[in-house]
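Notes follow the structure.
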Amino acid sequence: MPKGIWIFVEQRDGQIRKSSFELLSEGRKLADQTGEPLVGVILGEGVESLVKVVAAQGADKVILVEDEKLKNYSTGAYTSALNQVIRKGEPQAFLMGNSAAGRDLAPRLAQRLGVGLASDCTGIEHDPEKFLVFKRPIYAGKAFAYTGTTVRPVVATIRPNTFAISSPDESRQVEVERETVTVDPADLKAIVKEMALATSKRPELVEADIIVSGGRGMKGPENFAILEQLADVIGAAVGASRAAVDSGWREQKFQVGQTGKTVSPTLYIACGISGAIQHLAGMGSSKFIVAINKDPEANIFNVASYGIVGDLFEVVPLLTEEFKKLVSA
Amino acid sequence: MNIVVCVKQTFDTEAKIVFDSQGRIDPNGVNLIVNPYDEFALEEGIRLKEKFGGTVTAVSMGGARAQEALRTALAMGADKALLVSDPALNDADEWVSTQALAQAISKIPYDIILAGRVAIDDGSSQVCVRLAEELHLPSVSTVVKFSVEGNKATAVREIDGGTETLEIELPVVLTAQKGINGNEPRYPSVAGIMKAKKKELKTMTLADLGLAALEPKMKISKYDLPTPRQAGKKVPGEPAAAAQELVKLLHEEAKVL
Amino acid sequence: MDEIKNVSLEMKDYIASSGAETLSWCMQCGLCTNLCPWRLVPGEVSENFNIRKMQRLGQLGLEGFEEENILFACVTCGMCQINCPRKVEIIDNVRSMRNTTVGAGFLPPHLRPIAGSLHANGNPWSGEREKRAAWQNGLDIPAFTEDTEYLLFVCCTSCYDTRSKKIATSIVRLLKAAGVNFGVLTAEENCCGESIRKLGDEELFQKLAQGNIDLFKRKGVKKIITTSPHCLYAFKKDYPELGGEFEVMHYSEVLAQLVKEGKLSFPQELARKVTFHDPCYLGRHNQVFDPPRELIQSIPGVEFVELDRSRNKSLCCAGGGGRIWAEVPMGERFGELRITGAVEKQADTLVTACPYCIIMLDDACAGLEKGDVLQVMEMSELLCTALDTK
Ligand SMILES: Cc1cc2nc3c(=O)[nH]c(=O)nc-3n(C[C@H](O)[C@H](O)[C@H](O)COP(=O)(O)OP(=O)(O)OC[C@H]3O[C@@H](n4cnc5c(N)ncnc54)[C@H](O)[C@@H]3O)c2cc1C
Ligand SMILES: Cc1cc2nc3c(=O)[nH]c(=O)nc-3n(C[C@H](O)[C@H](O)[C@H](O)COP(=O)(O)OP(=O)(O)OC[C@H]3O[C@@H](n4cnc5c(N)ncnc54)[C@H](O)[C@@H]3O)c2cc1C
Ligand code: SF4
Ligand code: SF4
C-alpha cells in the first residue's frame, strides 16, 4: 500500500526555495485531511542543516540523500536519485514546485516511473477515489482542467505563489531517513558547464511574468528609471506604449501592442498609458492589470483590475518601496 | 544531419473556449495554428539543415486537421512529414502522447530532436522531456541559444533567475524558448508553399506503429472556465496609502506576488 | 543587385488561379508606381514597394513579390487604379497575390491575432462578441424589425474603440434628429470583412460575409446605412458576388439628402476653419465627394477650405488594405502629410468621415504634436456640435 505525501524540497546553494515552503505548508494540511504522513525529500551535499527547517514547516519525516553528484541540480542525476527513493518508499503523491528545475525534472521522472504528471497546478483537492485531484490552467488560463489518477504515485508540479506559507513550528520532531543512491552514468550525458545567475537581468518582454510599462505620461526617457527600479524589485520586464517609442524614449522592441509585442503576463502595470485599443490588443489578456494614471476617465481603467488615480511620479516610487517591503518579508 | 521537429497543432491564441454537450472543450469551428513555440523549433531545424545538410522531418500527433500544421512545416522548409493519427488517441494524456510519438520517431534516423518548450493549449511542458526519457536521450528544456559542433551540442537554457550552459553529446532533445538563437520563424516563399504540396506527408495509425491502444495515466474529470474578470477597483486614498493598499491587494487578493 | 531568378509557369498559373485576372493586361507603363503615395515618404517600404514591379513579378511567375514589405505594402487607396491606361484591376491583383501565401495559411505574424479575432469574435479588435453592442447601453437605439426602413450597420472599430464609439453615437444622434426610420442588429453582426479580404484571406472573408448576408436576409433588410466607407465598399462591391444585394449608403449621403429636404439643419453657429480629408473608400472607391462638403458647409459660421490633394486626388491616410494594423516608423506615415497639409491651410479642424481615417489622423496629429492648433474630427461629431442649440 503506497503511503505518504512527499514533497520535493528544492534547494540551491543550501537555500530552500520559496515554492518548497509553500508546498510543505499546503502538504501539511492535506496530510491532516487524509491521515497520510508528510515527507520532505532533500537532495544535495552538505545540506543536513535543512532537515530542521523542513521539520518546522510541517514534515513528519525527511528523506535525506547526500551525494556529490547531487550538489548542484542536474536533470539526470536528480531523476536517477528520485526514481530510486520513490520506488523504494512508494508514496501516494510526489509534489514539487513548477520551477525551471521542476518543469525539467518532473516529466522525466514521471516517464521513468511510468506514471502520470499534473503540471503547473493551481489547486489540489482531496478526492475519495483518486486521492488527489489537481486543478490546472489550460489555454493560457482561459479554462481549467481537473485531473487525477489511481496510478501511484501521482506526480504534480505546483505553480509558485499558489499556497500561503504557514508559520514554522520549531518544536516539531521529525524522523530522518538517510538514503544512498547510485547515479547511472547514462544520466550524466548533459554536463553543466556554467551557471549564470544574472540578478539584474530583466526577463524577456514576451516571456515575463510581470511587466511594468510606461507611456506618454512618462514625459521623457530619463524618467523610465523609476519604472526600472520598480521592475527590478519584482523581477519584471519593462515595456512601453507606442507613444513612448515614437517619442524616442524606448526602443521599438519594447513596444507593447497590436504592432508591437503581444504579452500576457500574470501582472501588467501600466503607468501613464491611456489604454488605446492598439495597446490593449497587445496586453488585454494579462491576468491582472494595474493602471496608474492621473486622468480618472482614462480608458485603461476600463480594463484594469486595480487602478490608482494619481501622478505616477509620486505613486510609482511609493509602490517600489511597498514592493520592497513585501519581497524582503 | 537528421533532424526531427515535433509540431503540435493548437487552438489559435484568440480562440474562445466553448464546451460541447459532454462538457469537453469543443474544437469545432476553431481556427487552428502551429504551436508558436514549435515554429521556433522548426526554424532552428531548418537552419541546421541549411548549415549541415541532411533531412528535417516534422512529426505531429493529432486529428486529420493536423495535416495543415505539417503542410506549414513543409512550406517553411521541412523535407518530410509524419502524422500519427488514430481515434484511440482522442483521450491521450501526456504519457500516451509520448508513447505514440516515441514509437513513430524511433523509426526515423535523428541526431537532434527539436520541440517547443510548451504547447499553448494543454500547456503541460511534458511531452518532449518524456520523449527524451523514452528514447534514452539527454534533453535540455527552454533553450535560448545553442550550437552544434561535431557530435556535440552546447546549449544555453533558462533557469529561474538566470541561465545555464550545458554540453551534450548528440543525439539530444532540445525544447525551444521563443526567440531561440535570436531567430524569428520564417515566412515561407510562394515557391516553398507550392513545393510543400508535393512533399511526402505520411499518416500512421497506432496499428501501423505496432502499438495497441494505450490506457492513459491521467484522467481529466472536468473542465471549467475562470470566473469572468471582476470589474476593476480604483484604490482610493492618498498616494502612500493607496500604494500600500494596492500591494496588499496584489499579494492577498490577486496572489500574484 | 537583384539576383537572377527563373521564370516559373507553374507559379504564374498559381497566382492566376488565386484570382489575379487582369494581371496580364498590364503593359508596364509605370504610371501606377509614380502615382502611388508611397513615393511621398522615405523609408524601407517606400524603397522596396513598387506596384508595377510587383505585378511584373507576378506576370512572369517570379519569386520575390511575397516579401512582407512588398506584398503587404499597398494601402489599396486606388490612386493608381483609376488612372491606369489599361484599366488593370490593380487592387484585385494585390489581394490575389496576397492570397497565394495567406490562402495557404501564412499571414505575416502581426496580422495573425487580427485574423484570429475575426474567426473567434467576428471583429478584428479582440473585442468579445457579447460586447459588440455594449456601447448602445442607455442610448435607446431601436432594434431593426420588419417595419424598419434602414439598417444602421456600425463598423467594428466604433463598437469597440472608446475614441471611435463617439462616431457611432454621433451618427445615431443625427439620424434621430432627422427622424430617420432606422434600427440596429449590432449584436448579431460580423465585421463586414472588407479589410481581411484585401489582405488575401478569402476564406475568412466569405465566412464573415455569409454570416452577415444570412442575417440581413433573415431579418428582411433592404436598405443599409453604414458608418464606415469600408463597410459601404464591402456591401456594395463584395457582397453581390455572394448573393447579397442591398441598397447601401454611407451616412453622409443620407444626411446630405435630408438637409436638402429641409429635414435636418444645424442651428448652432461654429466659428471654425474646416478642411476635409476624403477617405479613399468614400471618395475614389465610391465616388461620394459632394455630400460631406455640403453637410459641412451647411453649418453656419464654418469657413471651408480644400486641402491641396482632394476628391479624386485625395491622399490616403494609410489605413486601408489592412495597413490599419501595420507598424510604420514616424516620418513615413501618410497621415503626417495630411496633418501638415491641414496646418498649412491654417485650418483649425480637420474633418473626415471614416473610423479608420480618424485613427490614422489622430495618431499623426498626436505624433507631430499639433493637437494645440488642429483638431481632428469625424464629420458626425462636427455636425453634432452644430446640432446643439445653446
Ligand atoms: C497603426 C497603429 C498601430 C498602433 N500600434 C500601437 C501599439 O502597438 N502599441 C501602442 O501602445 N500603441 C499603438 N498605437 C498608438 C495608439 O493608438 C495610442 O496612440 C498610444 O497607445 C498612446 O500611447 P499612450 O497611452 O502612452 O499615450 P496617451 O494616449 O497620450 O496617454 C498618456 C496618458 O498618460 C497619462 N498621464 C500623463 N501624465 C501623467 C502623470 N504624471 N501621472 C499619471 N498619468 C499621467 C494621461 O492621463 C494619459 O492617459 C498604434 C496606432 C496606430 C495608428
Ligand atoms: C480532446 C483532448 C482530450 C484530452 N484528454 C485528456 C485526458 O483525458 N487526460 C489528460 O491527461 N490529458 C488529456 N488531453 C491533453 C493531452 O494530454 C495533451 O494535449 C498532450 O498530451 C500534449 O501535451 P501538451 O499539450 O501539454 O504538450 P507539451 O508537453 O506542453 O508540449 C511541448 C512540446 O511537445 C511537442 N508536442 C506535444 N504534443 C505533441 C503532439 N501531439 N504532436 C507533436 N508534438 C507534440 C511540441 O513540440 C510541443 O511544443 C486531452 C487533449 C485533447 C485535445
Ligand atoms: S498603370 Fe496599369 S498598365 Fe501601367 S504599369 Fe501600372 S498596372 Fe500596368
Ligand atoms: S492602391 Fe494606392 S497604395 Fe496601392 S499600389 Fe495603388 S497607389 Fe499604391
Requested in this report: Could you please tell me which pairs satisfy a Cβ distance under 7 Å, a separation of 6+ or placement on different chains, a first residue in the stretch A:26-51 that is at negative phi and not assigned by TED's automatic domain parsing to the domain that holds A:Thr182, and a second residue that is in a helix (DSSP H, G or I) and polar (S, T, N, Q)?
Outcome: none
Query - Given (1) modelled with pLDDT under 95; (2) buried (at least 17 other Cβ atoms within 10 Å of the Cβ), number of the condition A:Val212 does not satisfy - result: (1)
Query raised in the report: Any residue in the stretch C:136-149 that is away from chain B (no Cβ under 14 Å), of a type outside the set (Ser, Thr, Tyr), open to solvent by less than 20 Å² (accessible area, probe 1.4 Å) and in a loop (DSSP other than H, G, I, E, B)?
Result: yes
Report task. Only one of these is at negative phi and away from every other protein chain (no Cβ under 14 Å): A:Glu207, A:Glu177. Name it. Result -> A:Glu177
Query raised in the report: Across the stretch C:167-189, what is the total count of residues that are more than 12 Å from C:Phe153 (Cβ to Cβ), assigned to a helix (DSSP H, G or I) and free of Cβ contacts under 8 Å to residues at least 40 places away in the same chain?
Result: 3
Query raised in the report: Among the residues of the stretch A:100-128, which ones are over 18 Å from B:Tyr223 (Cα atoms), open to solvent by 10 Å² or more (accessible area, probe 1.4 Å) and not in a helix (DSSP H, G or I)?
Result: A:Gly114, A:Pro128
Report task. Could you check, for the stretch C:55-72, whether at least one of its residues is within 16 Å of ligand 1 (Cβ to nearest atom) and farther than 25 Å from C:Tyr14 by Cα? Result -> no
Query raised in the report: Does at least one position in the stretch A:128-140 carry a residue that is more than 10 Å from chain B (Cβ to nearest Cβ) and of a type in the set (Asp, Glu)?
Result: no
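A quick yes/no check of all residues on (1) open to solvent by 10 Å² or more (accessible area, probe 1.4 Å); (2) within 10 Å of ligand 3 (Cβ to nearest atom); (3) not in a helix (DSSP H, G or I):
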{"site": "C:Ala16", "(1), (2), (3)": "yes, no, no"}
{"site": "C:Met27", "(1), (2), (3)": "yes, yes, yes"}
{"site": "C:Thr33", "(1), (2), (3)": "yes, yes, no"}
{"site": "C:Arg52", "(1), (2), (3)": "yes, yes, no"}
Query raised in the report: So which of C:Pro85, C:Pro113 ends up being modelled with pLDDT of 95 or more and more than 11 Å from ligand 4 (Cβ to nearest atom)?
Result: C:Pro85
Query raised in the report: Between a first residue in the stretch C:121-137 that is modelled with pLDDT of 95 or more and a second residue that is open to solvent by 50 Å² or more (accessible area, probe 1.4 Å) and in a helix (DSSP H, G or I), which pairs have beta carbons less than 6 Å apart while being 6 or more apart in sequence or on different chains?
Result: C:Asn121/C:Arg129; C:Gly122/C:Arg129; C:Arg132/C:Ala187; C:Ala133/C:Ala187; C:Trp135/C:Lys165
Query raised in the report: Exactly one of (1) crowded, with 20+ Cβ neighbours inside 10 Å; (2) of a type in the set (Asp, Glu); (3) away from chain A (no Cβ under 11 Å) is unmet by B:Glu184. Its number?
Result: (1)
Query raised in the report: Looking at the stretch C:55-72, which of the residues that are among the aliphatic types (A, V, I, L, M) and in contact (Cβ under 8 Å) with a residue 40 or more places away in the chain is nearest to the other protein chains (Cβ to nearest Cβ)?
Result: C:Leu62
Requested in this report: Output the number of the condition that C:Asp290 fails; it satisfies all remaining conditions of (1) open to solvent by 40 Å² or more (accessible area, probe 1.4 Å); (2) in the same structural domain as C:Ala353 (by TED's automatic domain parsing); (3) farther than 27 Å from C:Pro37 by Cα.
Outcome: (3)
Query raised in the report: Looking at the stretch B:112-175, what strands (runs of 3 or more DSSP E) fall wholly within it and have at least 1 residues that are open to solvent by less than 10 Å² (accessible area, probe 1.4 Å), over 30 Å from B:Val18 (Cβ atoms) and within 9 Å of chain A (Cβ to nearest Cβ)?
Result: B:139-149, B:152-159, B:162-169
**Report entry** Selection status of C:Met79, within 11 Å of ligand 4 (Cβ to nearest atom) and within 14 Å of chain B (Cβ to nearest Cβ)
**Finding:** no
Query raised in the report: Which one of the conditions (1) of a type in the set (S, T, N, Q); (2) more than 30 Å from C:Phe205 (Cα to Cα); (3) surrounded by fewer than 24 Cβ atoms within 10 Å (Cβ to Cβ); (4) under 21 Å from the mean Cα position of the chain (by Cα) does C:Thr275 fail to meet, given that it meets all the rest?
Result: (3)
Query raised in the report: Residue check: is B:Lys222 open to solvent by 60 Å² or more (accessible area, probe 1.4 Å) and more than 7 Å from chain A (Cβ to nearest Cβ)?
Result: no
Query raised in the report: How many residues are β-branched (Val, Ile, Thr) and at the interface with chain B (Cβ under 8 Å from one of its Cβ atoms) when one looks only at the stretch A:290-307?
Result: 2
Query - Test set (1) exposed (fewer than 15 other Cβ atoms within 10 Å of the Cβ); (2) within 9 Å of chain A (Cβ to nearest Cβ); (3) in contact with a strand residue (DSSP E or B) (Cβ under 8 Å, 6 or more places away or on another chain) - B:Val256 fails condition number - result: (1)
Query raised in the report: Can you tell me which residues in the stretch B:52-76 are in contact with a strand residue (DSSP E or B) (Cβ under 8 Å, 6 or more places away or on another chain) and in a helix (DSSP H, G or I)?
Result: B:Phe52, B:Ala66, B:Gln67, B:Glu68, B:Ala69, B:Leu70, B:Arg71, B:Thr72, B:Ala73, B:Leu74
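The values are calculated or read from the model by the stated rules, or taken from the named source; none is laboratory data. Keep in mind the model is a prediction, meaning the values are calculated, not measured. All Cβ positions, glycine included, derive from the backbone under ideal geometry; neighbour counts span all protein chains shown. For accessibility, only protein heavy atoms count, side chains too; no ligands or nucleic acids. Shrake-Rupley method; radii C 1.70, N 1.55, O 1.52, S 1.80 Å.
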